[in-house]
Amino acid sequence: MFHSGLVYLTEDASHDAVIELINEEAFGPGRHTRAAARIREQGPHDRSLSFICTDNGETIASVRMTPVLAGAVQGHLLGPLAVRPSHKNRGIGRELVRIAIEAARRKGSEGVILIGDPPYYMPLGFEKVAYQALDFPGPVDPNRVLVVPLVGDVHDRLKGVIAWRDASPVEAADAADGSKRYASA
């Protein structure tokens, strides 16, 4: 579906307050106690892989990516993904996920991991992670742990603890394509 006013941009610090508001609207105050939030608290997300969507200049959605070491996989944790209620069910979240995955692939990520709803994410290329293969810093439903493998042997190496990792400056330089605006598919 074509939306003439929608623009997808790389997140920057000026978006922090509105992203926090959108996440609060979407997930409420309990969002900070979830296992994925505990990983995100360990270190900063990667702004170069985090995106917003604006509609005629108003920020209406966002997705963030956090660098993680998941077993032996140097990947990224996707989330939170949030869309303002007024803009839900228009494909905006799916497009943000597509953009984030492609950016992670260009940056050399080995896989994009999330805790999410399989019927929503599996059509976007996510696959189930082996049952209880990853040890999160809090309770998770193992049936909701998903990955988009970006290299061939990801499933074999997704075993063990998942935690924030420091993304090296070399890794950041490798992905720089100079583009900050993303075309919708």
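The values are calculated or read from the model by the stated rules, or taken from the named source; none is laboratory data. What you see is a predicted model, and the numbers here were worked out from it, not measured in a lab. Don't worry about glycine lacking a Cβ; one is built from the backbone with ideal geometry, like all the others, and counts go over all protein chains shown.
Numerical summary
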item	result
Matching entry among Phe51, Phe27 (being within 19 Å of Gly125 (Cβ to Cβ) and in contact (Cβ under 8 Å) with a residue 12 or more places away in the chain)	Phe51
Subset of the stretch 25-75 (residues that are touching a Ser or Thr at 6+ places or on another chain (Cβ under 8 Å) and over 28 Å from Gly152 (Cα atoms))	Ile52, Cys53, Ile60, Ser62
Residues being modelled with pLDDT under 80, exposed (fewer than 15 other Cβ atoms within 10 Å of the Cβ) and not polar (S, T, N, Q) - total across the stretch 4-30	3
Checking His45 against (1) touching a residue at least 40 places away in the same chain (Cβ under 8 Å); (2) farther than 20 Å from Leu6 by Cα, the condition it does not meet	(1)
Verdict on Leu78 being closer than 27 Å to Val18 by Cβ, in contact with a helix residue (DSSP H, G or I) (Cβ under 9 Å, 6 or more places away or on another chain) and free of Cβ contacts under 8 Å to residues at least 60 places away in the same chain	yes
Residues of the stretch 32-60 that turn out to be crowded, with 21+ Cβ neighbours inside 10 Å, within 12 Å of Thr10 (Cα to Cα) and not small (Gly, Ala, Ser), as a count	5
Hits in the stretch 85-105 - residues which are of a type in the set (D, E, K, R), at pLDDT 95 or above and surrounded by fewer than 20 Cβ atoms within 10 Å (Cβ to Cβ)	Arg90, Arg94, Arg98, Glu102, Arg105
Check on Leu158, over 30 Å from Gly5 (Cβ atoms), over 15 Å from the mean Cα position of the chain (by Cα) and modelled with pLDDT of 95 or more	yes
From the options Ile39, Ile60, residue that is under 15 Å from the mean Cα position of the chain (by Cα) and of a type in the set (Val, Ile, Thr)	Ile39
Test result for Val63, part of a strand (DSSP E or B), closer than 17 Å to Asp12 by Cα and at pLDDT 95 or above	yes
Complete set of residues in the stretch 36-57 that are of a type in the set (Gly, Ala, Ser) and either more than 22 Å from Arg94 (Cβ to Cβ) or outside any helix (DSSP H, G or I) (or both)	Ala37, Gly43, Ser50, Gly57
